[in-house]
């Protein structure tokens with residue numbers, strides 16, 4: 001199973017399996033082209049909004065989940081998991 005992780009200014013966020021990585025990348029790119037704006041980041045039970053701007057470093061990764069680990073478990077945390 002694949003995990004989708006965004007790293008924003010050094011902080012890691014795992015997207016829930018229901019969230020498309022390509023859709024999120026498209027939203028971020030549109031905001032950067034417009035000069036910046038807020039984007040809502042799905043993050044478990046917390047409401048997280050990130051101010052995206054042209055100078056902000058964001059990376060997107062597709063990772064393989066450790067065997068037996070539910071992918072949505074990672075969407076509830078911003079911690080780095082050593083076994084990834």
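Key figures
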item	result
Kirkwood-based Rg to Rh ratio, the range 1-68, C-alpha trace	0.97
Rounded FRET efficiency, nearest 0.05, which uses the C-beta distance separating residue 18 from residue 59 and R0 of 25 Å	0.70
Mean Cα-pair separation over length for the range 2-74, i.e. relative contact order, pairs under 8 Å, 6 or more apart, %	42 percent
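Readers should treat all values here as calculations from the given coordinates under stated rules, not as data from a laboratory. Remember, predicted model here, so these are calculated numbers, not experimental data. Using ideal geometry, Cβ is built from the backbone for each residue, glycine included, and neighbour counts are taken over all protein chains shown.
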